[in-house]
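A short write-up of the structure that comes next.
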Amino acid sequence: MNRHCKKTLAAICLIALWAESFATRHVATADESAQTASALQNDGCAGHRRRARRRARGGCCKVAAEASQSVALFDGKTLDGWNVTDFAGHGEVRVENGQMILGTGEGLTGVNWKGKDLPKLNYEISLEAKRTEGTDIFCGLTFPVGDSFCSFIAGGWGGGVVGLSSLDDFDASDNESSSHVNFKENRWYRFRVVVRKDNISAWIDDKKIIDQDIKGRKVSVRIDIEDAQPLGISSWASTAAIRNFRLKKLPNDGS
């Protein structure tokens with residue numbers, strides 16, 4: 001084979017090798033492109049699923065947040081939303097230093113709600129109260145319970161009785177919700193009452209003091225406190241200060 005033929009054959013071999021290499025690279029590139037497109041599609045679907053899950057969680061959180069938001073019943077500046085309850089011989093009611101002051105009267109002194117409609121079940125009322133003068137009720141909280149009403153009493157019957165008035169027509173001093181607390185003058189106490197269809201619970205500071213089953217029970221208020229309905233706060237022959245008065249709707253307990 002002469003030199004010219006050898007050169008021609010070598011050139012042909014190089015071209016064949018180059019063509020094979022190009023084809024291999026093209027197939028690999030096509031495979032990589034397909035894999036990349038598939039990965040992007042999967043990532044897109046996964047991202048869509050993640051976004052959907054986040055939206056679902058966000059919706060649940062929003063519902064829970066709305067259910068757990070509390071509203072102020074007393075703005076610390078005025079008696080907007082409240083009437084001074086027309087109890088015979090009541091004391092002065094005023095707003096002072098961000099507090100609602102229920103002055104000492106001959107008997108009951110208080111205010112009752114005239115604002116928007118209130119929940120009747122599945123809600124919580126909280127407030128802070130202190131007795132600055134006298135020896136009797138400084139937190140008489142009247143509230144709805146379904147189609148009836150009840151009163152949470154703190155400091156009654158000589159200064160220390162805590163309980164619900166009334167259960168089966170028995171006052172807070174005479175039914176099983178009754179207990180005694182040694183309240184200190186001029187000390188703030190945190191009160192919280194939770195109302196469910198079959199239960200009323202109450203806390204003083206962080207201590208649960210009432211866990212009352214009311215299923216099948218008659219829940220009512222004393223006749224002398226009826227004017228405090230649907231929601232009221234009262235004192236008896238004592239001066240009380242009230243602040244941080246709030247209401248919070250609770251999720252339905254299924255009852």
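Brief remarks on what is shown
- The sole residue among VAL145, VAL93 that is closer than 22 Å to SER220 by Cα and surrounded by 16 or more Cβ atoms within 10 Å (Cβ to Cβ) is VAL145.
- Taken together, the residues in the stretch 95-147 that are more than 21 Å from VAL195 (Cα to Cα) and either in a strand (DSSP E or B) or without any contact (Cβ under 8 Å) to a residue 40 or more places away in the chain (or both) amount to 14.
- Residue satisfying condition, being modelled with pLDDT under 95 and on the phi > 0 side of the Ramachandran plot, within set GLY216, GLY254: GLY254
For every residue, the table says whether it meets (1) out of contact with any Phe, Trp or Tyr (no Cβ under 6 Å at 6 or more places or on another chain); (2) under 30 Å from GLY103 (Cβ atoms).
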| position | (1), (2) |
| --- | --- |
| TRP203 | yes, yes |
| ASP211 | yes, no |
| ILE214 | yes, no |
| LYS218 | yes, no |
| ASP224 | yes, yes |
| SER235 | no, yes |
| ALA240 | no, yes |
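Okay, residues lined up against (1) surrounded by fewer than 13 Cβ atoms within 10 Å (Cβ to Cβ); (2) under 15 Å from PHE152 (Cα atoms):
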{"position": "LYS184", "(1), (2)": "yes, no"}
{"position": "VAL195", "(1), (2)": "no, yes"}
{"position": "ILE209", "(1), (2)": "no, yes"}
{"position": "ILE223", "(1), (2)": "yes, yes"}
{"position": "PRO230", "(1), (2)": "no, yes"}
{"position": "ASN244", "(1), (2)": "no, no"}
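- Residue in the stretch 200-213 that is among the hydrophobic types (A, V, I, L, M, F, W, C) and either more than 21 Å from the chain's Cα centre (by Cα) or assigned to a loop (DSSP other than H, G, I, E, B) (or both) present: no
- Any hit, the stretch 170-179, residues being surrounded by 14 or more Cβ atoms within 10 Å (Cβ to Cβ), touching a Pro at 6+ places or on another chain (Cβ under 6 Å), of a type outside the set (Ser, Thr, Tyr) and outside any helix (DSSP H, G or I): no
- Scanning the stretch 58-105 for residues that are among the charged types (D, E, K, R) and either at pLDDT 95 or above or in contact with a Phe, Trp or Tyr (Cβ under 6 Å, 6 or more places away or on another chain) (or both) yields ASP75, LYS77, ASP80, ASP86, GLU92, ARG94, GLU96.
- Cβ-Cβ contacts under 6 Å between residues 6 or more apart (or on different chains), taken from a first residue in the stretch 176-205 that is modelled with pLDDT of 95 or more to a second residue that is aromatic (Phe, Trp, Tyr), are listed as ARG192/TRP203; VAL193/PHE152; VAL195/TYR123; ALA202/PHE152; ILE204/TYR189.
- Matching residues in the stretch 149-170 - criterion: being on the phi < 0 side of the Ramachandran plot and hydrophobic (A, V, I, L, M, F, W, C): PHE149, CYS150, PHE152, ILE153, ALA154, VAL161, VAL162, LEU164, LEU167, PHE170
- Among the candidates VAL194, VAL221, residue that is within 25 Å of the chain's Cα centre (by Cα), in the same structural domain as GLN99 (by TED's automatic domain parsing) and outside any helix (DSSP H, G or I): VAL194
The values are calculated or read from the model by the stated rules, or taken from the named source; none is laboratory data. Please read all numbers here as calculations on a predicted model, not as lab measurements. Heads up, the Cβs are rebuilt from the backbone with ideal geometry, glycines too, and the neighbour counts pull from every protein chain shown.
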